[in-house]
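A quick write-up on the structure given underneath.
The values are calculated or read from the model by the stated rules, or taken from the named source; none is laboratory data. These figures come from a predicted structure and were not determined experimentally. Ideal geometry is used to build each Cβ from the backbone, glycine not excepted, and the neighbour counts take in all protein chains shown. Accessible surface is based on the protein model in full, side chains and every heavy atom, while ligands, DNA and RNA are left aside. Shrake-Rupley method; radii C 1.70, N 1.55, O 1.52, S 1.80 Å.
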Amino acid sequence: SKQTHLMDNIKTYAFQSFCIFALTVVLLTEHFSTHLLISAIIVLAVKVIIFPYLLSNTLKTLHIEDQFENIINIQFIFLAIGALTAFSFWIFPYEELGFLSPKTYHVIPLAIAIVFIGLLLMINRTKTISQILGFLVMENGISLAILFGAYSVSSVLEFWLAIYLLIGVLFM
């Protein structure tokens, strides 16, 4: 059923968020900071557990089944995702990101690619739940870029709290 496809997308979002948590832990092992520790806890609690629970609960409560109406052909979307990912690595080559740790220098282009993919998902879907998933994917990319590109980690916490308030309003 189509609800199963939406549940798979929610699980994929939770896995993507868990990967961001894991990358935050890697960054935490290199540069310990209480702000990074709080960020890791926020990601694990909110993005991996709470948001997927709220989305899946919404699907079950409202008996949503017809949320996948693509505007653009799915084969074209896969090509566009590949092109956007390649473009992200092209605009942020390794030479420009040499200041980052060798463990994390690919994170910035991947974060930009995730933002592009989230935007593409939001544009391509016509139904609300699917667009919210696209927004959450885009937010994952933005928070990942800020986490690994910002020098002031406290601004990351402020950004996440503002985004979570916005997402909370969207859920309501």
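Here r is the Cβ-Cβ distance between residue 54 and residue 22 and R0 is 25 Å; the resulting FRET efficiency, rounded to 0.05, is 0.65. Using heavy atoms of the protein chains and a probe of 1.4 Å, the accessible area assigned to residue 30 is about 60 Å².
Would you mind computing, in nm to one decimal, how far apart the modelled labels at residue 76 and residue 29 are, each placed 7 Å from Cα along Cα→Cβ? So the label points at residue 76 and residue 29 sit 4.4 nm apart.
On full extension, the segment bounded by residue 7 and residue 62 gains 18.4 nm, given 0.36 nm per residue less the C-alpha separation.
For 53, 13, give me the order by solvent-accessible area with a 1.4 Å probe, most accessible first, ignoring ligands, DNA and RNA. It would help to have the intermediate numbers written out before the result.
On the way: 53 135, 13 5 Å².
The most accessible residue leads, giving 53, 13.
Of 5, 63, the residue with the largest accessible area leads and the full order is 63, 5 (1.4 Å probe). Probing with 1.4 Å while keeping every protein chain in the model, the per residue accessible area of the range 1-49 equals 53 Å².
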